[in-house]
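Take a look at the structure set out below.
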Amino acid sequence: MTNVHVMARYRTTIPMIVQIEGLVQDVPGWTPIDELYSLYTIASVTDNLAGDIVEVGSWCGRSAVVLGLAARNGGVSKVHCVDLFPEKNDWRQNPDGSYSFELIIDGKRYVGYQVQTVWKDAFESQTGKIYERYNGVLDCFTETVVGRGMQDVIVAHRGDLESFLTAVGPYFRCRLAFLDGDHGYDAVCNDIRLIDQYLVPGGWLCFDDAFTSYEGVNRALRELILQNPEYDFCQQMTRKLFVARKKAAARGEKS
Ligand SMILES: C[S@@+](CC[C@H](N)C(=O)[O-])C[C@H]1O[C@@H](n2cnc3c(N)ncnc32)[C@H](O)[C@@H]1O
């Protein structure tokens, strides 16, 4: 790809927010347009950093394709989409009516939404509806990505963040991570601690459902990000998107 081609992509008068609306209009999910626009913008300003983009929690690909658009316009990096991608029979209803899932990938057992469970109404009106059309969430995700011609930029990993990082190895580098997986306190802390070791200086962490009713997310962000001097810019961007930038010369950086 030549610089001329890269520049040509930026020569458009179609507002980016309109492009994003078009890109995600048929993709099931919860991430609102203002949040997707903010994610796109932050992903774009990390173009000058080394490393790839990681998303934990992709569901049907709504936020993934927006990150994919930013990565493609930047010209070099990939978006790794890490999700357990549960299938219909992996879900079980809890005694209080809410839902959780449990599944096995390559002989390893994973659980999802054990502490912060999926509320009954949300499961029955939205989450579970996916399985009327697809056997598994990965089928829907793949349709979203391939339908938008983004399979060269977006790579799916079926597993959790730990299994992804094991698979990519110690030299992996991340310039932006969007954390939108399990919203329980321990799960969010675990994801932050894991990805922090791979985040390049000046890289960004972005969180969905921050400082809303998800107390586990809020507590994890207060303890591990807001009180952490290694993050020098912390900002609530939209109603539920919170972002934090790692100091450019953070200690413990892996270069
Ligand atoms: C709220 S959805 C993600 C929504 C998506 N970002 C969007 O824009 O539509 C949360 C996702 O996290 C996944 N998930 C739950 N626990 C997980 C875990 N421990 N590791 C990876 N993914 C997980 C679920 O399978 C689900 O697809």
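Data overview
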{"item": "Inter-residue pairs, beta-carbon under 7 Å, first free of Cβ contacts under 8 Å to residues at least 60 places away in the same chain and in the range 180-195, second within 8 Å of the ligand (Cβ to nearest atom) and assigned to a helix (DSSP H, G or I), 6+ apart", "result": "194/161"}
{"item": "Test result for residue 47, touching a His at 6+ places or on another chain (Cβ under 8 Å) and away from the ligand (no atom under 16 Å from the Cβ)", "result": "no"}
{"item": "Wholly within the range 152-255, helices (runs of 4 or more DSSP H) carrying at least 2 residues that are of a type in the set (Ser, Thr, Tyr)", "result": "161-168"}
{"item": "Subset of the range 61-84 [under 21 Å from residue 181 (Cβ atoms) and either of a type in the set (A, V, I, L, M) or within 6 Å of the ligand (Cβ to nearest atom) (or both)]", "result": "62, 63, 64, 65, 66, 67, 70, 71, 79, 82, 83, 84"}
{"item": "Conditions (1) under 22 Å from residue 31 (Cα atoms); (2) at pLDDT below 95: number failed by residue 237", "result": "(2)"}
{"item": "Number of positions in the range 132-176 that are over 30 Å from residue 248 (Cβ atoms) and among the β-branched types (Val, Ile, Thr)", "result": "5"}
{"item": "The lone exception for residue 34 - which of (1) buried (at least 16 other Cβ atoms within 10 Å of the Cβ); (2) modelled with pLDDT of 95 or more; (3) not in a strand (DSSP E or B) it fails", "result": "(1)"}
{"item": "Matching residues in the range 151-175 - criterion: being within 14 Å of the ligand (Cβ to nearest atom) and either buried (at least 19 other Cβ atoms within 10 Å of the Cβ) or in contact (Cβ under 8 Å) with a residue 12 or more places away in the chain (or both)", "result": "154, 156, 157, 158, 159, 160, 161, 162, 163, 164, 165"}
{"item": "Cross-chain or 6+ apart pairs with Cβ under 6 Å, the range 68-88 first and under 11 Å from residue 158 (Cβ atoms) and free of Cβ contacts under 8 Å to residues at least 24 places away in the same chain, then within 12 Å of the ligand (Cβ to nearest atom) and basic (Lys, Arg)", "result": "none"}
{"item": "Pairs, first touching a residue at least 24 places away in the same chain (Cβ under 8 Å) in the range 211-238, second among the small types (Gly, Ala, Ser) and assigned to a strand (DSSP E or B), C-beta under 9 Å, six or more apart", "result": "221/244; 225/244; 231/244"}
{"item": "Residues being touching a helix residue (DSSP H, G or I) at 6+ places or on another chain (Cβ under 7 Å), within 21 Å of residue 229 (Cα to Cα) and of a type outside the set (A, V, I, L, M) - total across the range 159-192", "result": "5"}
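The values are calculated or read from the model by the stated rules, or taken from the named source; none is laboratory data. None of these values were measured; they are calculated from a predicted model. Positions of Cβ are backbone-derived with ideal geometry, glycine not excepted, and every protein chain shown enters the neighbour counts.
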